[in-house]
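I have placed the structure first, in the form of structure tokens, so that the comments after it can refer back to it.
The values are calculated or read from the model by the stated rules, or taken from the named source; none is laboratory data. In this text the structure is predicted, and so the values were computed from the model without any measurement. Every residue, glycine among them, receives a Cβ derived from its backbone with ideal geometry; neighbour counts consider all protein chains shown. Ligands, DNA and RNA are stripped out before the accessible areas are found, and what is left, the full protein with its side chains, is counted by its heavy atoms. Shrake-Rupley method; radii C 1.70, N 1.55, O 1.52, S 1.80 Å.
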Amino acid sequence: MTRNPSQGSPRSRLQNLTRQLQPASPYVSAASQRSKLEGQERLGTFRLGPHVSIPVFAPKHPSRLPAERLLLNLQDPTVLEHLEFLGKKWQLGQDVFLISTPGPYARRLSLTFAALLQIPFEYISLHKDVGEAELLQTRSLKAGGNLSFEDGPVVRAMKNGHLLIIEGVEKAERGVTPIINNILENREQNLNDGRHLIPAEKLATAREQESKESGHEAKRESRFIPVHPNFRVIATGVPVPPYKGLPLDPPFRSRFQARWVEGNVGEPKMAYEKVSNVSKELSKRWSDWASLVLYHTSMARGNEIVPPTDRLPPLPSTALPLIRDVVEHFPPAEDLPPLPTDHSGEPNVAVFASTEVEQRSATGRLGQKTIDLLGTAYPQMFTMDARKRNLLHDLLGQLRLDEGLGEGGDQASLQGTGLLGYTVKGIQRVGEKTARITFVQATSGNEVSIQAPCGPLLLEPVPKVGEETDQGTVVTPRVMSIFTTLLQLHCLDRDVCLVPAAFGGGGQGGEDANCSVSHASSSTSTCISLMASALGYALESVWLWKDLGGSELVMRRATGVDGSTTWEPAPLIRGAMDGKLIHLAGVDVLGSTLGSLSRLTQDREFEVWNGGRLTLAAGGEAVQGAKPEAGNLDWKEGQILKLPTSFRIVATAPTVKQWLNEEASTIFATCATQPMDAEEEKNIIFTRTGASGPGLKKLLEFAERYRTLSADPNLGLQKSRRLGTRQMIRMATRLAHWPETDLHGLIWRNLLVDFLPATVRGVVKDILNECRIFEPGMEGSFQYRPRTRLTDPVIRNDSRNGFGGVLEFGVTTVMANDDHQAEGGGGGREEKLIIPRFDVESADPEGKALIPDLQGSFYNNAQQSGLICSFAQDLEMLNEHLLLMGSQGTGKNKLIDRTLELLGRPREYIQMNRDSTVNALLQQVSLEGGQIKYHDSPLIRAIKLGRVMIVDEADKCSTAVSAVFKSLAERGQLSLPDGRRVRPAESQGGPQDIVVHPSFRLVLLSNRPGWPFFGNNFVEVIGEGFSCYAVSNPDVESEVRLLKAAAPDVPAELLRRLDLAFHDLREGFEAGLINHPYSLRELLHLVAHMQKYPDESLSNVLLNTLSFDLHRPESLRWVVETLRKRKLDVEDLDVDKLRESSAKGRDGLKIQFDQAKQDFDPEKEGRSTDLDKPKLGKEDPDNNPHVGGNTWRGGTGGRDTAGLGGRGGFERLYKGHKIHQVSDRLKSDVPDHIKKQARAMARAALERELNEQGMQSHEAVNLHELKQRVSNQVSHLSSVLNELEANSKERSWLARQQDGELDERRLSEGLMGERSIFKRRSEAPPEIGAPQIKPKRVRVILDVSASMYHMQFDGRLQRELETCLMLMQAMNRVEPEKFAFDIVGHSGDDYLIPLVEMGKLPKTDGDQYRVLRSIVSHTQYCDSGDHTLKCIEESVRRIRSEPITNIAGQTLSGASGGEEADDYFVIALSDANLSRYGITSKSLGRVLSSDDKVKAAVIFIDKGNDAIRASRDLPGKAFVAPSTKDVPRILNDIMRTLVT
């Protein structure tokens, strides 16, 4: 090995390591000597304290020693204590487990110890994709088909005596740690290549035994390999709990000696004497603040002063070093405000130690520059609720850090500045990959110049506020602020993650509690592009998806032409090797796998294939070798590759929820991106679209109101589509092209309002009305605008538009009395709407066969012609991608196919399903001649050739798969599994990239979200890149016209009645009265049957569709009643009548049933027919069938005893057997005295049954009537709640299985004999660190005050009783472990009256009726008065602190151990008697919003002025139920909105 001269001798390296030590040096050199093992040169002895003395030898592989830049400060006494512990364990030959908080400290400590002993190291980062092969040996194929094995890090460390560092043990899957248990215990391991690792002291004995077994001295190489005596293992991990992860396997744990370690990482980048005094003071205050946070957390934990749910998240170990670097390099402009002093004049910081966080007296908010700086190092602050924000504000305020950091100036003067009020002044290249970046402080004018890495490309000028860049971006102060912050963090050698800013001020509860991310754009991609161009970087975007494994982030297998296998770098590693700026988009989807990148971002080192290592140069010491040429990545074992210092990562995530934990905070510095304000967004929209006028003004007004209300989680608007800047630009573009566009319909469809729960839909409708955006025809007096209809489309060959011609629609204005003419195209004035067609002959001649051909099966109608026209405009004129969503059978496929047929557009098609994967969507993999080949999927073909890609059933695949459409639709970018990129034509890239064709369009087809459809709510993950359409069933006129075309011989009046009836059925589905949305498809099938078979009765034809509901009699009865209301001659439809009619037969056609009931004649069977007296009969323990006797209970066709089909008994009793029915003659031939006796016994039995349930006979009748009224709502609500359980148990693909379906991603591993190359569907185990599945806590509050009884004449009490019964019955049908449910009441007597306790849900009729009877009694006998506010307030306050018992009766540990519920809901019913007791909308809204983690709502069961006023003032929180049937429907909608 040739040593780099700059590295020096081994002894000089040790001197460099220890030269900063105090005189009591832990290292003492000794005379050179040779070790007894492998002749290594002894360099000296490592001594630390009186007990540690370890000989140090020259390393055999010095290139694998730790880099000096990664070592901890050896002058730190804490570090020396830890090193002494490690030294003791080394001398004892024991392996060590270092437990620490997330961050690099434990790893750096291990590296420091290895460097002092001159022991090379091997490293493993455990994650869910690490298995036996990654640990021990991987297989490869060489040319000619020979199999070879490459040693993994464990085997290399054992053979060479290296230190093995295993990081992230808590993330390892359960089967991984047992793999190395024997290695830890006995230092032995069998390898897949047939060799066996054994301790060196056993080698001679093993080889002697090997020789004896072979009968002679073996000439071949021995299979036994000695384990080096210096082999040691240091594992690192976080404690579980409190951190998330898997607990340690006891056998694994028992093999380690553990130590808790924590400390500071990283030395100051600037010499202390060069740091300004104000920077020193600010650094000290931040250090004091960190101590305050730590002290508060420790004190609260030890004394339970503050509940765990209200404690601040831990401060990341990297936070203070980052803040210190920022403060020292960018000094504040002015002195900090002085701290309060005690009587001696010393600063006095009062330690926060109160039992409960009180509302701050100060009305101010945290200073923006404080939020900016603290957010870079402590981004968990963006995930805090109002109580934690107040606590954070208090702690910052004690050190005067809450209102500013000495940046000076006011908010106006600091606009456009980054951290501490600095902005970028200029960038000048000073080297091939180095630039000098100059910053200037806005207030003081102080300039700071820092040399930082840059790219090799031309440095674009620094953008100025107000300028428009070459990319067409207008630089605003907000963009300049983000851009400056990015460059500041870049100068400090930090990788950055851009997240949406979501931090409120100091308020408690109320409005400030509901801080939310604005829908407006944050310009993240724009700022990343500006950073790349200003620094001369080649920018590469890597789009992540959930299925991406940790290994795939780094490398992938490939095969050569000769069939050999090799490794190729993934885009992330390839970009690192090239020194690029990498945009990691969507890091939030990686989950715990994100931690595998920590060493790359924190240490700038990474382990790759074949023992290779990427590392930064440190004076040349730790670097050797050169970058392999392209296509020659078969590195030699252990090769070290230089990683350019210019390499940077900028990650982005659309949310801060769930993923942004303490570990993620140590991986990246965070830059919180503020969204556009209203004025900036308005200017951007105008610049991009040219739209103006009243339409745009109303649109902006609506957006402001909609976004404001979306911040309140109780409203449910977060279930709607995000109204972001892209959406606004899309709608404004249409307004600019066609100013007469129906703005109401445009907003309605883009937000997919049709598919929101009715309550949320009402909120959106109210916002539209407030903004005076009305449906056509509803504008009011003197504002009426005639409706327009489109005539049928016509294709015209227009030479001016090329070969494709044009598609022409006639636009007809319909006056109020011209509706009858509209369908035929007459009436009103007509204009022409022209859309150019696609010139397939010149643009894509090979795709001509892919143009849909419906062969005349599409029937024109006005509503669908309007949709087709709008689709065509979006596709051809506005260059939009489409999302078509609707119920089944509404014609989504037919409509888009008809559109493409009219436009002459070729299409590719793919249908998604539960088994669809990202890899299958993007590429098709095959194995040809021993070589893996990647073929373009239909999606990639469409991208290349400019076709329309139809993705059907997009809601059926997992959201992790459908999420890939977001980057494609919004930015035209994708990362493919084979390493290639999909990118827009105007972006930078290489020759292997796939450039998006300008004619490419993406169309997603999907069913509506929610029950009863079984799809995933993928709308939340696909972004804003789609023009959305809610494809509903046609209106009456359009649908009737369509039916006439499909069934011309069926009477028109019958078609109209059928159509009206189906519209009624659809309204019933929306109201929750039936469980199926009857569609156009089903109606078309019915009329087609009627056309073909006109003599068949209407009832029989309807059964073609209604037979699905024969076993839901309550639903079917409602359907039949609805059909009869439209004067349709429909018989009663039920199973028994169907069987009778089928048994009788018709026209010689008989259908034979294996009947559950048959006639029985006991006389013919030789059985006695004599009657004795009614009696119970004997119980048969075996439940055998008994026919014709009078001995056993539950027989059939018998006499006297309880059973069915017989006579003379008093009780019907069914035991599950076939019923034998005696004739009517025998049934009537019963003596009167026996009949009388049977009736008396039956009444006594009924009385006994009712007494057991605590009910009277009239009460049983009342309960039965109540149950009948709410049966449909009970079924619907229970189905919605159970759907949550169905979704939570959705199966997913499990990779690395040893059986199942071949995983195309592991074909190369299969070639080499790997076993775990399959995938199979199963219920996926919870993601490591995922929260435990907990019940949803639901409390319902009932009004049991005197006014309910006094005013019951309007039905309010009856509505409340029905609602209570519906809830009890629905909750009895759900998974009992998933809900914790109770009901309380309030009256003039008390503000909290238990009615149904948690874990004691009434199950029998008697128990449920007792609850209803209790409600009536309270209303009848309580004092007058009202405790509505007090009951809601106390319920909201207590619901999170009380111990929880789910419906199954399982009691959880309660709030003292942390939150035990997944969600919290309080729903109150009230009679709206508000003004009498001085209750205002404001006070009611205050208690409903008093805890932002508890979703609360109130339903008024009175339609008076108070109720109407409150529902208007509190949209989404207050609702009015004017009639009985509305209460269950509203409650149903609230539960769907809040729970799903």
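Between a residue in region 395-420 that is under 22 Å from T476 (Cβ atoms) and free of Cβ contacts under 8 Å to residues at least 60 places away in the same chain and any residue that is open to solvent by less than 10 Å² (accessible area, probe 1.4 Å) and assigned to a helix (DSSP H, G or I), which pairs come within a Cβ distance under 8 Å, given they are 6 or more apart or on different chains?
What qualifies is L414/G421.
Taking region 536-570, which residues are part of a loop (DSSP other than H, G, I, E, B) and more than 22 Å from the chain's Cα centre (by Cα)?
Within region 536-570, G536, Y537, A538, S551, V554, G560, V561, D562, G563, S564, A570 qualify.
Kindly provide the set of residues from region 180-229 that are modelled with pLDDT of 85 or more, part of a loop (DSSP other than H, G, I, E, B) and out of contact with any Leu (no Cβ under 9 Å at 6 or more places or on another chain), ordered by number.
If the condition is that a residue be modelled with pLDDT of 85 or more, part of a loop (DSSP other than H, G, I, E, B) and out of contact with any Leu (no Cβ under 9 Å at 6 or more places or on another chain), then R195 is the only one that fits.
Exactly one of these conditions fails for D562: (1) at pLDDT below 80; (2) over 19 Å from G375 (Cβ atoms); (3) open to solvent by less than 40 Å² (accessible area, probe 1.4 Å). Give me its number.
Unmet condition: (3).
Of V1187, V1230, V1222, V1261, which residue is among the β-branched types (V, I, T) and modelled with pLDDT under 80?
V1261
Scan region 1233-1247 and tell me whether some residue there is open to solvent by less than 40 Å² (accessible area, probe 1.4 Å) and at pLDDT 80 or above.
So far as region 1233-1247 goes, yes, one or more of its residues are open to solvent by less than 40 Å² (accessible area, probe 1.4 Å) and at pLDDT 80 or above.
Testing V656 on (1) at pLDDT 85 or above; (2) among the hydrophobic types (A, V, I, L, M, F, W, C); (3) within 27 Å of Y123 (Cα to Cα), one condition comes back false. Which one is that?
Failed condition: (3).
Kindly check whether there is at least one residue in region 1166-1184 that is within 16 Å of M1241 (Cα to Cα), assigned to a strand (DSSP E or B) and small (G, A, S).
Among the residues of region 1166-1184, not one is within 16 Å of M1241 (Cα to Cα), assigned to a strand (DSSP E or B) and small (G, A, S), which makes the answer no.
Checking D402 against (1) surrounded by fewer than 22 Cβ atoms within 10 Å (Cβ to Cβ); (2) over 26 Å from E680 (Cα atoms); (3) at pLDDT below 90: exactly one of these is not met. Which one?
Tallying (1) surrounded by fewer than 22 Cβ atoms within 10 Å (Cβ to Cβ); (2) over 26 Å from E680 (Cα atoms); (3) at pLDDT below 90, D402 fails exactly one: (1).
Only one of L1123, L1103 is within 26 Å of K1044 (Cβ to Cβ), part of a helix (DSSP H, G or I), aliphatic (A, V, I, L, M) and open to solvent by 20 Å² or more (accessible area, probe 1.4 Å); which?
L1103
Check E970 against each of (1) modelled with pLDDT of 85 or more; (2) closer than 22 Å to A920 by Cβ; (3) not hydrophobic (A, V, I, L, M, F, W, C) and name the one condition it does not meet.
Here E970 meets the rest and fails (2).
Within region 666-681, work out how many residues are over 17 Å from Y378 (Cα atoms) and open to solvent by less than 10 Å² (accessible area, probe 1.4 Å).
Number satisfying all stated conditions: 1.
Taking region 1055-1077 as the search range and keeping residues that are in a helix (DSSP H, G or I), in contact (Cβ under 8 Å) with a residue 12 or more places away in the chain and of a type in the set (A, V, I, L, M, F, W, C), which one is surrounded by the fewest Cβ atoms within 10 Å (Cβ to Cβ)?
Restricting to residues being in a helix (DSSP H, G or I), in contact (Cβ under 8 Å) with a residue 12 or more places away in the chain and of a type in the set (A, V, I, L, M, F, W, C), the top hit is L1060.
Being at positive phi, surrounded by fewer than 16 Cβ atoms within 10 Å (Cβ to Cβ) and either at pLDDT below 90 or part of a loop (DSSP other than H, G, I, E, B) (or both) is the requirement here; does R772 meet it?
yes
If S1441 meets every condition in (1) hydroxyl-bearing (S, T, Y); (2) touching a strand residue (DSSP E or B) at 6+ places or on another chain (Cβ under 7 Å); (3) at pLDDT below 85 apart from one, which number is that one?
The one condition S1441 does not meet is (2).
Against the conditions (1) closer than 30 Å to A969 by Cβ; (2) surrounded by fewer than 21 Cβ atoms within 10 Å (Cβ to Cβ), where does L1080 fall short? Just the number, please.
Only one criterion is unmet by L1080, namely (2).
Please report, ordered by residue number, the strands (runs of 3 or more DSSP E) entirely within region 848-967 with at least 3 residues that are out of contact with any Cys (no Cβ under 6 Å at 6 or more places or on another chain) and more than 20 Å from G1025 (Cβ to Cβ).
Counting at least 3 such residues, we get 923-928, 931-936.
Residues in region 405-419 that are among the β-branched types (V, I, T) and open to solvent by 10 Å² or more (accessible area, probe 1.4 Å): how many?
0
Filter region 1475-1491 down to the residues that are in a loop (DSSP other than H, G, I, E, B) and either closer than 30 Å to T1445 by Cβ or open to solvent by less than 10 Å² (accessible area, probe 1.4 Å) (or both) and list them by number.
Correct list: S1489, S1490, D1491.
Taking the options P250, P226, P239, P268, name whichever one is of a type outside the set (G, A, S) and open to solvent by 70 Å² or more (accessible area, probe 1.4 Å).
Result of the check over P250, P226, P239, P268: P250.
With S110, S53, S100 as the choices, which residue is over 23 Å from V608 (Cα atoms), polar (S, T, N, Q) and open to solvent by less than 20 Å² (accessible area, probe 1.4 Å)?
S100
Could you go through region 430-437 and let me know if any residue there is at pLDDT 80 or above and under 35 Å from the mean Cα position of the chain (by Cα).
No.
List, please: which pairs have Cβ atoms under 8 Å, are six or more places apart or on different chains, and start with a residue in region 515-536 that is under 17 Å from G416 (Cβ atoms) and end with one that is at pLDDT 90 or above and among the basic types (K, R)?
Pairs that qualify, where the first residue is under 17 Å from G416 (Cβ atoms) and the partner is at pLDDT 90 or above and among the basic types (K, R), are S523/R478.
Run L135 past the list (1) modelled with pLDDT under 90; (2) touching a Gly at 6+ places or on another chain (Cβ under 7 Å); (3) open to solvent by 10 Å² or more (accessible area, probe 1.4 Å) and report the number of the one that doesn't hold.
(3)
Within region 571-619, track down each residue that is open to solvent by 10 Å² or more (accessible area, probe 1.4 Å), under 30 Å from L147 (Cα atoms) and not in a helix (DSSP H, G or I).
Hits for region 571-619 are F606, E607, V608.
When only residues in region 1459-1478 that are out of contact with any helix residue (DSSP H, G or I) (no Cβ under 6 Å at 6 or more places or on another chain) and at pLDDT below 85 count, which is nearest to G1516 (Cα to Cα)?
For region 1459-1478, the residue satisfying everything is D1463.
Out of curiosity, is V951 open to solvent by less than 40 Å² (accessible area, probe 1.4 Å) and among the β-branched types (V, I, T)?
Considered against the rule, which asks whether it is open to solvent by less than 40 Å² (accessible area, probe 1.4 Å) and among the β-branched types (V, I, T), V951 comes out as yes.
Select from region 363-379 the residues that are among the polar types (S, T, N, Q), open to solvent by 10 Å² or more (accessible area, probe 1.4 Å) and under 30 Å from the mean Cα position of the chain (by Cα) and list them in ascending order.
Passing the criteria: only Q368.
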